[in-house]
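A.B. asks: Below is a structure I'd like to ask you about.
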Amino acid sequence: MTQASARTRWGGIAGSFPASGFFRVTQSDGVWWLADPDGGRFLSKGVNTVWFGQDEIQGTQRVPYADTCARKYGSIEVWRAAAARRLAGWGFNTLGSWSDMGVATAGPPLASTPNLDLAMSFAWEWNDRHRDLPRMEFPDVFDPDFETHIRRRAQENCAVHADAPHILGWFIDNELRWGSDWRGNDPLLKLFLNHTPDSPGRNTANEFVRSRGGDAAALTVDGADAFAALVGERYFALTVAAIKAADPNHLVLGCRFALPPPASAVAAAGRHLDVLTFNCYEEDPGAVIPGYAVSGRPCLIGEFAFRGDDAGLPNTRGAGPRVATQRERSQSYRRYVSAALRHPAIVGTHWFEHADQPAEGRFDGENSNYGTVDINDEVYAELTAAMTAVNAEAEALHAGEALQA
């Protein structure tokens, strides 16, 4: 396998595996890979939020990037084709989460990885109906209505695409609150104990507490992990079954863990998923990957990024390291992806995101230099040059082959 290897229309190394018509996972010499629909040896090299209408300014209906692209391209159809050509030219082969699936078929073929918000939408809808009650911070997977909801949503969103070859797979959710994180310190058990009185989730949590001898025993680290095992098993079993019932042809890519969850949740994920996904905004993902790879499943990094302070944006809101210059940003990209692909479990990395956020802040106030392009659709040349180089050598790096300097 070399940089000159023949590639399939999807960007995989041609002639590697039998063609199945859809993306699938496989192992070769102890290394996990994706196989593309034509049998190519494939790594998912993706960019998030490839979207004409990216990022309204907080508190307004203004979308500066869309305004730019309307002037520059004249229509969304022309923009889609241009975006597809540009991404493919940089060696990317996948539209990451929150992207316009129309881009996938507007130019060179790109894989798609839509985010279903399958389970969390149950909590959002419940919260909208019960504004006077405590918020459901994690979906009540023990509620009988939960399974009805996710099966309906999967049918509505997945079944229509069941025969589409460009769908790599489905993300179930994004950054659920599996325990202590930036949103609060409570473990998952405490979140369920805070559900509405007499709700199925709270009743399950109370019964768990009683079975462990009371609050003090239940809320230990071991107790929290044991409860996460109950939630994780039901969450992954039900959501994967719902997606597969609606669409048996495509992969289920997991729930995009934000921070390492309890080990029992990772174990449950490994029992049900095709691919386990996690977001990782560290400078180097090497120390984080083993905690997910222990699941025994191939792993995909759903978000990572570096922000340059020379881009003229505040960079005061948002995740990920800040660096001084675009040169440092490009070097950080190369180090990160190279470190990730050296691990045999990693089958892809998705950059966050396609275009910069507005300086005034998007819906949640984020105002950072995340883009491959700026708000005027001007390309960050050093960053995209690094992306192009790393994407070209990715398969050789993942296979453990020596690379040319």
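A short reminder: the numbers here are calculations on the coordinates, not readings from a lab. The structure presented is a predicted model; accordingly, all values stated were derived computationally and were not measured. Every residue, glycine as well, gets a Cβ built from its backbone with ideal geometry; the counts of neighbours run over all protein chains shown.
Per-residue answers, yes or no, for (1) within 30 Å of Glu360 (Cα to Cα); (2) surrounded by 22 or more Cβ atoms within 10 Å (Cβ to Cβ):
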site: Gly21; (1), (2): no, no
site: Val31; (1), (2): no, no
site: Leu34; (1), (2): no, yes
site: Val50; (1), (2): yes, yes
site: Glu56; (1), (2): yes, no
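Residue-wise test of (1) among the small types (Gly, Ala, Ser); (2) closer than 20 Å to Asn48 by Cβ; (3) out of contact with any helix residue (DSSP H, G or I) (no Cβ under 8 Å at 6 or more places or on another chain).
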| residue | (1), (2), (3) |
| --- | --- |
| Asn249 | no, no, yes |
| Gly254 | yes, yes, no |
| Ala268 | yes, no, no |
| Asn279 | no, yes, yes |
| Glu303 | no, yes, yes |
| Asp310 | no, no, no |
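A.B. asks: Looking at segment 59-98, which of the residues that are surrounded by 17 or more Cβ atoms within 10 Å (Cβ to Cβ) and of a type in the set (S, T, N, Q) is nearest to Asn391 (Cα to Cα)?
C.D. replies: Across segment 59-98, the extreme among qualifying residues is Asn93.
A.B. asks: Scan segment 267-292 residue by residue and report those that are in contact with a Pro (Cβ under 9 Å, 6 or more places away or on another chain), assigned to a helix (DSSP H, G or I) and either of a type in the set (Phe, Trp, Tyr) or crowded, with 19+ Cβ neighbours inside 10 Å (or both).
C.D. replies: Result: Ala269, Tyr292.
A.B. asks: Okay, next question. Taking segment 66-115 as the search range and keeping residues that are among the hydroxyl-bearing types (Ser, Thr, Tyr) and within 11 Å of Gly46 (Cα to Cα), which one is nearest to the chain's Cα centre (by Cα)? Let's see the steps before the verdict.
C.D. replies: If we filter segment 66-115 for residues that are among the hydroxyl-bearing types (Ser, Thr, Tyr), which is where we start, we get 68, 73, 75, 94, 97, 99, 105, 112-113.
After this cut, where a residue has to be within 11 Å of Gly46 (Cα to Cα) as well, the list is 94, 97, 99, 112-113.
Working: Thr94: 12, Ser97: 6, Ser99: 11, Ser112: 11, Thr113: 8 Å.
Ranking the qualifying residues of segment 66-115, first place goes to Ser97.
A.B. asks: Return the residues of segment 318-331 that are crowded, with 16+ Cβ neighbours inside 10 Å and in contact with a Gly (Cβ under 8 Å, 6 or more places away or on another chain); say none if nothing qualifies.
C.D. replies: Result: Val323, Gln326, Glu328, Arg329.
A.B. asks: Output the residues belonging to segment 132-159 that are closer than 13 Å to Thr239 by Cβ, touching a Ser or Thr at 6+ places or on another chain (Cβ under 7 Å) and of a type outside the set (D, E, K, R).
C.D. replies: Passing the criteria: only Ile150.
A.B. asks: Something else about it: Using the structure shown, decide if Glu303 is under 17 Å from the mean Cα position of the chain (by Cα) and among the acidic types (Asp, Glu).
C.D. replies: yes
A.B. asks: What number of residues in segment 134-177 are farther than 29 Å from Met101 by Cα and among the aromatic types (Phe, Trp, Tyr)?
C.D. replies: 1
A.B. asks: Can you name the helices (runs of 4 or more DSSP H) wholly within segment 195-253 that have at least 2 residues being crowded, with 20+ Cβ neighbours inside 10 Å?
C.D. replies: Of the helices (runs of 4 or more DSSP H) lying wholly inside segment 195-253, those with at least 2 residues that are crowded, with 20+ Cβ neighbours inside 10 Å span 200-211, 221-246.
A.B. asks: So, one more: I need the strands (runs of 3 or more DSSP E) fully contained in segment 1-94, keeping only those with at least 3 residues that are within 22 Å of Tyr333 (Cα to Cα) and touching a Phe, Trp or Tyr at 6+ places or on another chain (Cβ under 8 Å).
C.D. replies: Numbers: elements: 24-28, 31-35, 44-47.
Ranges flagged: 44-47.
A.B. asks: When segment 71-80 is examined, which residues are found to be out of contact with any helix residue (DSSP H, G or I) (no Cβ under 7 Å at 6 or more places or on another chain), closer than 16 Å to Val103 by Cβ and free of Cβ contacts under 8 Å to residues at least 24 places away in the same chain?
C.D. replies: Answer for segment 71-80, where residues must be out of contact with any helix residue (DSSP H, G or I) (no Cβ under 7 Å at 6 or more places or on another chain), closer than 16 Å to Val103 by Cβ and free of Cβ contacts under 8 Å to residues at least 24 places away in the same chain: Ser75, Val78.
A.B. asks: OK, next. All but one of (1) within 25 Å of Ser5 (Cβ to Cβ); (2) more than 23 Å from the chain's Cα centre (by Cα); (3) in a helix (DSSP H, G or I); (4) of a type outside the set (Val, Ile, Thr) hold for Glu382, so report the exception by its number.
C.D. replies: (1)
A.B. asks: Tell me yes or no: at least one residue of segment 268-281 is in contact (Cβ under 8 Å) with a residue 60 or more places away in the chain and over 30 Å from Ser20 (Cα atoms).
C.D. replies: Within segment 268-281, not a single residue is in contact (Cβ under 8 Å) with a residue 60 or more places away in the chain and over 30 Å from Ser20 (Cα atoms).
A.B. asks: Can you work out which of the residues in segment 332-351 that are within 18 Å of Ala287 (Cβ to Cβ) and within 17 Å of the chain's Cα centre (by Cα) is surrounded by the fewest Cβ atoms within 10 Å (Cβ to Cβ)?
C.D. replies: Ala345
A.B. asks: I would also like to ask the following. In the list Arg362, Arg327, which residue meets the criterion of being basic (Lys, Arg), in a helix (DSSP H, G or I) and in contact (Cβ under 8 Å) with a residue 24 or more places away in the chain?
C.D. replies: On the way: Arg362 fails: in a helix (DSSP H, G or I).
Matching residue, one of Arg362, Arg327: Arg327.
A.B. asks: Also, quick follow-up: Among the residues of segment 139-154, is any surrounded by 17 or more Cβ atoms within 10 Å (Cβ to Cβ), out of contact with any Pro (no Cβ under 8 Å at 6 or more places or on another chain), closer than 30 Å to Pro109 by Cα and of a type outside the set (A, V, I, L, M, F, W, C)?
C.D. replies: Scanning segment 139-154, I find at least one residue that is surrounded by 17 or more Cβ atoms within 10 Å (Cβ to Cβ), out of contact with any Pro (no Cβ under 8 Å at 6 or more places or on another chain), closer than 30 Å to Pro109 by Cα and of a type outside the set (A, V, I, L, M, F, W, C), so the answer is yes.
A.B. asks: Identify the residue in segment 112-122 that is of a type outside the set (S, T, N, Q) and touching a helix residue (DSSP H, G or I) at 6+ places or on another chain (Cβ under 7 Å) and, among all such residues, is farthest from Val141 (Cα to Cα).
C.D. replies: Only one residue fits best here, namely Pro114.
A.B. asks: Touching a residue at least 24 places away in the same chain (Cβ under 8 Å) and in contact with a strand residue (DSSP E or B) (Cβ under 9 Å, 6 or more places away or on another chain), is that true of Ala119?
C.D. replies: Taking the combined requirement at face value, the residue does not satisfy it.
A.B. asks: Please verify whether Ser295 is over 15 Å from the mean Cα position of the chain (by Cα), part of a loop (DSSP other than H, G, I, E, B), touching a residue at least 12 places away in the same chain (Cβ under 8 Å) and buried (at least 24 other Cβ atoms within 10 Å of the Cβ), treating the condition exactly as stated.
C.D. replies: On the way: over 15 Å from the mean Cα position of the chain (by Cα): yes; part of a loop (DSSP other than H, G, I, E, B): yes; touching a residue at least 12 places away in the same chain (Cβ under 8 Å): yes; buried (at least 24 other Cβ atoms within 10 Å of the Cβ): no.
In short, no.
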